[in-house]
Ligand code: SF4
């Protein structure tokens, strides 16, 4: 019997981690809390540490939050106890603020202008949270959590002079917020009388709008609309505030959008394969990444397998382009949870075996192309290679459907620190040796952009180091204690002889904003 202790999932799964899913619905004739329960359940892949739902009955808010998976916090019956006409929900993975009940969302605050309660839920990571928190603390604000969400919310609620009507109050607040805090946030807010959704001026994290039976829904991903039978209307635009209340839906462009910087990892890994990103299902984008990977890094092999489940589409794309048959060769145990076995090396290896079981009938004596979507720290892949060799694979050719990750993310993705990133320290050949593979090929940056057909600028900073806004480059993940200082935008680096084409990027700073403009809420094609 193994001693059971809590080990971060990164010990058994070396992938970037998303930082929350948000959901909101205004539908007085529906059971909004139950709809929200299913909505955040569909967004479970974006965060598994805590879950919460808040409803309004038009006069007061009711909230329930808890630690764990959505289904551990709610069932249909307990969700239905939260009655109301509108609701917001949240699933959390913490990149800023510890994983504890107090930090679960939605959080509730009192609005000093209206004395109403406001509920806030957030996906993202505020790059200047420490600075804004210090400013607010200096002016007398007291914080109850260690999250950047509370920093955002408290900054927002301090704006406005109380002379405006409620629409003007919220619009002026969001304009002030977006001028002072540029990235990264997709937010949903609930007051007794309105549901609001807003996206930062760069649109780093996703947020979309849907319609069901004449009512409106907002969600981090379109898959959460599908499960309600809602029609996808469009993405919330960068810098836009959407307000939904009994009079319908309104759009307010709080600031002129900056150069778009949506996170490319939504395409590569985060979004559910059935979610629509930039007009295309993420599954198709991933398959196309596999096609480009096969063109750039062909292999003399007998079979193509993917590291389940997230690299399956990439592997199928590689197979279709190369003509090498695709097969499942690793079976993933989906029920290996986050509380796992002790972290010594022998038990880590056993942990990899518990999570992935190789199929000798597919692998024995064969030359195998193994497609994965990323390598972050290089901790899990050597164990997978070892498992495949033990199952009899004659050759193992690792193919990675993204460029080497050399820079940490400061915008809401738990990517590890720069020192932990294997590609920041080692060349591709050194990484190949570390993995124990016969060959290793990463997709180039050009190949990535070709595959995704990126029609607009996108954040590629973890590959290039060109962050869309200035960040403190030694800012450690998961802390609010380091004061943020403005640093020059770093330039692209490629100092370790890697074979990928690591050029370009989108380090454009935003220009001056013009006056606020109203934008009609026109449906867009899916
Ligand atoms: S740095 Fe990487 S993970 Fe972070 S937002 Fe940009 S593309 Fe996404």
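The values are calculated or read from the model by the stated rules, or taken from the named source; none is laboratory data. Source: prediction; values computed, not measured. Reconstructed Cβ throughout: ideal geometry from the backbone, glycine too, with neighbour counts over all protein chains shown.
Is it true that some residue in region 229-236 is in contact with a helix residue (DSSP H, G or I) (Cβ under 7 Å, 6 or more places away or on another chain) and part of a loop (DSSP other than H, G, I, E, B)?
As a first pass, look at region 229-236 and keep what is in contact with a helix residue (DSSP H, G or I) (Cβ under 7 Å, 6 or more places away or on another chain): 232.
Still in the running and part of a loop (DSSP other than H, G, I, E, B): none.
No.
Matching residues to (1) more than 24 Å from residue 353 (Cβ to Cβ); (2) part of a loop (DSSP other than H, G, I, E, B):
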| site | (1), (2) |
| --- | --- |
| 284 | yes, no |
| 300 | yes, yes |
| 304 | no, no |
| 310 | no, yes |
| 316 | yes, no |
| 319 | yes, no |
| 328 | no, yes |
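When you go through 285, 320, 310 one by one, which is the residue that is within 16 Å of the ligand (Cβ to nearest atom) and either outside the structural domain of residue 392 (by TED's automatic domain parsing) or modelled with pLDDT of 95 or more (or both)?
285
Does residue 402 count as within 16 Å of the ligand (Cβ to nearest atom), assigned by TED's automatic domain parsing to the domain that holds residue 371 and assigned to a helix (DSSP H, G or I)?
Criteria not met by residue 402.
Select from region 248-270 the residues that are within 16 Å of the ligand (Cβ to nearest atom) and assigned to a strand (DSSP E or B) and write down the one among them that is nearest to the chain's Cα centre (by Cα).
263
Kindly indicate whether residue 58 is in the same structural domain as residue 220 (by TED's automatic domain parsing), surrounded by 22 or more Cβ atoms within 10 Å (Cβ to Cβ) and touching a strand residue (DSSP E or B) at 6+ places or on another chain (Cβ under 9 Å).
In short, no.
If you check residue 241 against the conditions, is it in contact with a strand residue (DSSP E or B) (Cβ under 8 Å, 6 or more places away or on another chain) and surrounded by fewer than 24 Cβ atoms within 10 Å (Cβ to Cβ)?
no
Which one of these does residue 127 not meet: (1) within 16 Å of the ligand (Cβ to nearest atom); (2) touching a helix residue (DSSP H, G or I) at 6+ places or on another chain (Cβ under 8 Å); (3) farther than 23 Å from residue 24 by Cα?
(2)
Quick one: residue 278 ticks every box in (1) away from the ligand (no atom under 16 Å from the Cβ); (2) at positive phi except a single one, so which number is it?
Unmet for residue 278, out of (1) away from the ligand (no atom under 16 Å from the Cβ); (2) at positive phi: (1).
I'd like the full set of residues that are part of a helix (DSSP H, G or I) and within 12 Å of the ligand (Cβ to nearest atom), limited to region 419-451.
445, 448
Looking at this structure, is residue 273 within 14 Å of the ligand (Cβ to nearest atom), in contact with a strand residue (DSSP E or B) (Cβ under 8 Å, 6 or more places away or on another chain) and assigned to a loop (DSSP other than H, G, I, E, B)?
Criteria not met by residue 273.
Being closer than 18 Å to residue 249 by Cβ and within 16 Å of the ligand (Cβ to nearest atom) is the filter here, so list the residues in region 179-208 that pass it.
Passing the criteria: 186, 199, 207.
Give me the helices (runs of 4 or more DSSP H) completely within region 111-198, filtered to those with at least 3 residues that are in contact with a strand residue (DSSP E or B) (Cβ under 9 Å, 6 or more places away or on another chain), surrounded by 16 or more Cβ atoms within 10 Å (Cβ to Cβ) and at pLDDT 90 or above, ordered by residue number.
Per the criteria, 148-158, 166-180.
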